[in-house]
Amino acid sequence: MIILHRPTIVTSEKVETGSIVIEDAIIKDVLYADAEDYDFRMSRLLAANPEAEVRELAGKHVIAGGIDAHVHFREPGLTHKADIYTESRAALAGGVTTVFDMPNTNPPTVTAEALKDKISIAEEKSAVKTGFHIGATNSNAEMICRLVREGDVETGIRPEDIAGVKVFMGSSTGNMLVDEKSTLDMLFSIKEKPVLVHCEDEQTIKENLQAAIEKYGEEIPFEEHENIRSRKACIKSSIRALELAIKHGTRLVLCHISTKEEIEMVRAAKSNNPDIIAETSCNYLWFSNEDYTRLGSRAKCNPSVKTPADREALREALATGLIDTIGSDHAPHLPSEKDANYTKAPSGLPSIQQTLPVLLTIAAEDEIPLTRIASVFSEKASDLYRLDRGRIAKGQKADLVVFDYEKEFTVKAEDQKSKCGWTPYEGVTLKGVIEEVYINGQKKQ
Ligand SMILES: [Zn+2]
């Protein structure tokens, strides 16, 4: 038995001093110090369990381990950038204890066989609980429907081996671009799993890119990323996804929302379909188009970071509860790949190690209650993916993060566990130092 004694416990319901009792990988009990019988129950517990390891955590905070449903760990096929071994350790260092990996690996995760391969790699190498989304194409939608309902006898893939279905609605992810109407209808009819959608309209982006090439030739300034992967491209594609989700009652996750218009669209759409989930990433809460001057390609991600006004609107949506989940969209590329001109530098930022400290820092800056952070960091995702972890409550798996909210630290490249060895947050001072991470009641960090 382990007792986390008297930290401040952070959940979506309250932020309160208490003690967490862990036994056999499970949270056996949560005792809050504001309860009248707290002292009595604690002394009885300690008397009955003299062998218990009591960790004195007064002054520290404990939050449930993060559930990050949007990561790109690059394995198989792109392991020169990152792999499940290294990136899962970056997750752990950031207090993220469950991840769901996206299908744009090589080969892409668009078949039961590819999914099976990834599952076995993760079993062998991952430091955190790791699951996978399957990727939709114009030709595999029927297979996906069968897989999420019945599984696959040949590979032994069961419906519960699939976290969600990822749909790239008009993004540049090659063969995973889904644009046929009948395919989209079939995918949005899936009720068994969340359907996660990357919304950027390909045609709009192509036209914008062409115009930029005509204007700048080879040397397009990175500031243009916001005009090329424009707000219009996001809005156009998100309208379509939200309409389909309303029509079919889909558990839609609108991934990495980056504009204030999409926030308003989601607000309206939720009144028709309350199962719609709004995801954003810390990148959109922290950076804006003003950061290209400083970061260049190291702020280039898809969708693009937008204006400070968009960032403000996203932070407000985080505060009010309109944003449901935070996916890091952790997407490592090597510095040598990033240090190229606009058309060659790949989009994507490594960030998973910073998610929790960035959220804690924003909460302090904007006076957002920590209850909201508990909700977006793990609890809402726990509900969405129907997990038995991600909440500090009796009977849940003991995935927990201890942090010191009084302490600040400056992000350094050399502290990054990601294989790519850099972070766009380098040099930033953040609040909240992660001190211990538990998975299934075992201290992993
Ligand atoms: Zn992504």
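No value in this document is a laboratory result; all are computed from the given coordinates. As the structure is a computational prediction, the values presented were derived from the model and not from experiment. Neighbour counts run over all protein chains shown; Cβ positions are idealised from the backbone, glycine included.
Data table
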quantity: Spatial separation of Cα centroids for the stretch 353-426 and the stretch 56-116, in angstrom; calculated: 14 Å
quantity: Whole-Hz ³J(HN,Hα) from phi, Karplus 6.51 cos²θ - 1.76 cosθ + 1.60, for the stretch 251-267, glycine and proline x; calculated: 7, 7, 9, 7, 6, 5, 5, 10, 10, 5, 4, 5, 4, 5, 5, 5, 4
quantity: For Val99, distant residues with modelled amide H under 5 Å away; calculated: Asp68, Lys129, Thr130, Gly131
quantity: Where trypsin sites (Lys or Arg not before Pro) fall in DSSP loop in the stretch 379-410, at most 14 other Cβ within 10 Å; calculated: Arg386, Lys394
quantity: Cβ crowding within 10 Å averaged over residues, with 324-330, 76-82, 297-303 ranked highest first; calculated: 324-330, 297-303, 76-82
quantity: Among 99-109, 278-288, 150-160, the order from most to least packed when residues are scored by Cβ within 10 Å on average; calculated: 278-288, 99-109, 150-160
quantity: ³J(HN,Hα), Karplus 6.51/-1.76/1.60, whole Hz, each residue of the stretch 315-325, x for Gly, Pro; calculated: 5, 5, 5, 5, 5, 7, x, 6, 6, 8, 9
quantity: Members of Lys166/Lys412; Lys417/Lys444; Lys166/Lys193; Lys166/Lys191; Lys338/Lys431 lying beyond 22 Å, as alpha-carbon distances in this model show; calculated: Lys166/Lys412; Lys338/Lys431
quantity: Order of Glu36, Glu202, Glu113 - criterion: other Cβ atoms within 10 Å of each residue's Cβ, fewest first; calculated: Glu36, Glu113, Glu202
quantity: Using alpha-carbon coordinates, inclination of helix 202-216 to the longest axis of the chain, degrees; calculated: 70 degrees
quantity: Candidate aspartates and glutamates - alpha carbon under 16 Å from Lys270, same-chain residues fewer than 8 apart omitted; calculated: Glu243, Glu261, Glu262, Glu279, Asp324
quantity: Relative contact order for the chain, counting Cα pairs under 8 Å that sit 6 or more residues apart, in percent; calculated: 19 percent
quantity: Reachable lysines from Lys206, criterion Cα separation under 20 angstrom, eight or more residues apart if same chain; calculated: Lys215, Lys232, Lys236, Lys300, Lys306, Lys344
quantity: Karplus 3J(HN,Hα) series, Hz, for the stretch 88-101 with 6.51 cos²θ - 1.76 cosθ + 1.60 (x for Gly, Pro); calculated: 5, 6, 5, 4, 4, 4, x, x, 9, 10, 9, 10, 10, 8
